[in-house]
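Some notes on the structure that comes next.
All of the numbers you see were taken from the coordinates with simple rules; none came from a lab. On a predicted model such as this, the values are computed, not experimentally measured, just so you know. As a convention, Cβ positions derive from the backbone with ideal geometry for all residues, glycine included, and neighbour counts pool all protein chains shown.
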Amino acid sequence: MSDVIASRENAKFKALRALAEVAQEPRKQGRAIADGSHLVSTALARGATVQQLIISEGAQRHHEVLALQMQYPRLECMVFRDSLFRELSPLSAAVGLSAVVEIPPQLPLDMTSGAIILDAVQDAGNVGTIMRTAAAAGIDTVVLGTGCAGAWTPRVLRAGQGAHFSLKIHEQVDIALCLTETTATSIATVAHEGDSIYHLDLTQPVVWLFGNEGAGLSPKLAAAATYRATIPLDAATESLNVSAAAAVCLFEATRQRRLASTN
């Protein structure tokens, strides 16, 4: 095990703290901090480039930490005094383990096999949860327009629970432009006056559009979609949380595809 770093003047600590302080725009740095043993082990298992392991002094003999070090013996490991580790890893985790992961470059956007598009979804928990749901539903492309929470920020990474490492993620995208450049069927989700999702044919690839927590999808984007869809709700309920709505829509499409494949 490496020596314990105990000084704030240590060059490695300063470099990592600088990365943590710009966590709202990690893509510009090309690196992000993944907090917790689950995220770190998922990143490694799915082939993400992990540059360094960051370990708290109190966790250096934890069985999960030791197992990762045995499995990946060439990874650089840095052990920090617990108080310093908390400055680098602000999210509480059961095991004092984080990692610096390389953010993959954005590839050309291809939505022919389906995608999720988020319009100004600001809550980090919602963005990460929708990513997790997309991966679970077999959709591998997520597009974030301007105004969305950053995909690689710590709280979005935590909510995504490792989904980032199996998705193609595009940020700061001109959504209106990308809709004009795809031939895939697009569905704008709206709270009212759309077709019921249960009456739409969702067996083919779909580009789903989900909007801001309060304002919903912009009228311009809703009008640009092939269809407008609404989830039927009890009359006493106005709307669903956007991440809950995304789960309903994606798994209705999954249900329809599975039913079609058995007929």
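Quick notes on this structure:
- Lys, Arg +1 and Asp, Glu -1 on Cβ, resulting dipole of the range 11-97 about Cα centre, debye, nearest 20: 240
- Between the range 153-178 and the range 77-104, the C-alpha centres lie 21 angstrom from each other.
- Potential extension, Ala94-Gln106 segment - 0.36 nm per residue separation minus Cα distance: 1.1 nm
- Global geometry of the range 115-262, whether rounded, prolate or oblate, following the gyration tensor of its Cα atoms and the 1.5 cut on a/c: rounded
- Shape category assigned to the range 4-102 from the gyration tensor of Cα positions, a/c cut at 1.5: oblate
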